[in-house]
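To keep things clear, I will list the structure first and then write my remarks on it.
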Amino acid sequence: SVVVTLADVVSEGLAAMGGDLLQIGFILAFMFFTDWRLALVSLSTVPFMLLATYIFKEKIKVAFNDVRNAVANLNTFVQEHLTGMTVVQIFGSEQREYAKFREINKDHRDANLRSVLYYSVYFPVAEIISAMGIGLLVWYGAKGVIHTEETHITVGTLIAFILYIQMFFRPIRMIADRYNTLQM
C-alpha cells in the first residue's frame with residue numbers, strides 16, 4: 001500500500017541520513033586527530049558548501065511544492081473533464097478546454113524543469129566547492145611537505161587528507177539528495 005511505501009521511504013531515508021551524519025562526525029574526528037592545521041585548511045570551504053546546500057534545499061522545496069500543485073491541478077482538470085465530457089461536447093467548447101489543458105500541462109512541465117535545473121546546478125557547484133577544498137589542502141600541504149622540519153606534514157598525511165575531504169563532502173551531497181527524495 002501507499003502508506004507502507006511512504007513509511008519505508010521515510011524510515012530508510014532518515015536512517016541513511018543518520019549514517020551520513022555519523023560518517024561526517026568520524027571523518028572530522030580523524031582529520032583533527034591527524035593534523036588540526038590541515039583539517040582547518042581543508043574545511044575552510046565547508047561554509048560555502050553549507051550555504052549552497054541551504055539555497056538548494058529552499059529552492060527545491062518550492063519547486064517540488066509547485067510540481068505537486070501542478071500535478072493536482074492536472075489530475076483535477078482531467079478527472080473533471082473525463083466525467084463531464086458530454087457537457088463539453090454539447091457546448092462545443094473542446095478547443096477552449098484543450099487550451100486550458102495545454103496551459104495546465106505547461107505549468108506542470110515548467111515546474112518539473114525548474115526542479116531539474118536546481119539539481120543540475122547544485123551538484124556541479126558542490127563538486128567545485130569540494131575541489132576548491134582539495135586545492136587549498138594541496139597548496140597548503142605541499143608547502144608543509146617541502147618544509148617538513150617546521151610543519152611535520154608528510155606526503156602520507158597529505159594524501160590521507162585528500163581522501164578525508166573527498167569522504168567528507170560525499171555525505172553532505174547525499175544528505176541533500178535524500179532530503180529532496182523525502183520532499184518528493
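Once R0 is set to 25 Å, what does the formula 1/(1 + (r/R0)^6) return for the Cβ-Cβ distance between Phe33 and Tyr119, expressed as a FRET efficiency to the nearest 0.05?
0.10
Label region 1-151 by shape, choosing from rounded, prolate and oblate, from the square roots a ≥ b ≥ c of the eigenvalues of the Cα gyration tensor; if a/c is under 1.5 it is rounded, and otherwise prolate applies when a/b is larger than b/c, oblate when it is not.
Since a/c reaches 1.5 and a/b is larger than b/c, the shape of region 1-151 is classed as prolate.
For the pair Val71 and Ala99, a Förster radius of 25 Å applied to the C-beta separation gives a FRET efficiency near 0.80, rounded to the nearest 0.05.
How much of Lys100 can a 1.4 Å solvent probe reach, expressed as accessible area in Å² and rounded to 10? Here the residue's solvent-accessible area equals roughly 100 Å². Tell me, how many Å apart are the Cα centres for region 84-129 and for region 11-33? If you average the Cα positions of each part, the centres end up 38 Å apart.
For Met49, Met174, the ranking by accessible surface with the largest value first comes to Met174, Met49, using a 1.4 Å probe. Asp66 sits with roughly 50 Å² accessible to a 1.4 Å probe, with DNA, RNA and ligands left out of the calculation. The 3J(HN,Hα) values that the Karplus relation (6.51, -1.76, 1.60; θ = phi - 60°) gives for region 114-124 are, in residue order, 5, 5, 5, 4, 4, 4, 6, 8, 4, 5, x Hz. Gly and Pro appear as x.
Projecting the Cα atoms of Phe48, Leu136, Trp36 onto the charge dipole of the chain (Cβ charges, centred on the Cα centre) puts Phe48 farthest toward the positive pole.
Look at the Cα gyration tensor of region 93-184: its axes a ≥ b ≥ c give a/c of at least 1.5 with a/b over b/c, and that counts as prolate. Prolate is the label for region 37-95, because the ratio a/c of its alpha-carbon gyration tensor axes (a ≥ b ≥ c) is 1.5 or higher and a/b is greater than b/c. With the simple spin-label model, which puts each label point 7 Å out from Cα in the Cβ direction, the Met17 to Ile90 separation comes to 5.1 nm.
Remark: region 54-184 carries a charge dipole of roughly 120 debye about the Cα centre, counting +1 on each Lys and Arg Cβ and -1 on each Asp and Glu Cβ.
Around the Cα centre of region 29-74, unit charges on the Cβ atoms of Lys, Arg, Asp and Glu (plus for the first two, minus for the last two) sum to a dipole of about 100 debye.
With both labels modelled 7 Å from their Cα along Cα-to-Cβ, the Arg170 to Glu58 distance reads 3.0 nm. Its relative contact order, with pairs defined as Cα atoms under 8 Å and 6+ residues apart, puts region 49-131 at 56 percent. Within the full protein context, the accessible area of Val71 is estimated at about 50 Å² for a probe radius of 1.4 Å. Full extension of the segment from Ala131 to Val78, taken as 0.36 nm per residue of separation minus the current Cα-Cα distance, would add 14.3 nm. Ordered by 1.4 Å accessible area with all protein chains kept, Phe123, Phe32, Phe48 run largest first as Phe48, Phe32, Phe123.
Ranked from the most accessible area to the least, with a 1.4 Å probe and all protein chains present, what is the order of Met17, Met31, Met167?
On the way: Met17 30, Met31 0, Met167 85 Å².
Result, largest first: Met167, Met17, Met31.
The values are calculated or read from the model by the stated rules, or taken from the named source; none is laboratory data. As the structure is a prediction and not an experimental result, all values here were calculated from the model. Every residue, glycine as well, gets a Cβ built from its backbone with ideal geometry; the counts of neighbours run over all protein chains shown. Each accessible area value is taken on the protein alone, full model and side chains, heavy atoms only, with ligands, DNA and RNA left out. Shrake-Rupley method; radii C 1.70, N 1.55, O 1.52, S 1.80 Å.
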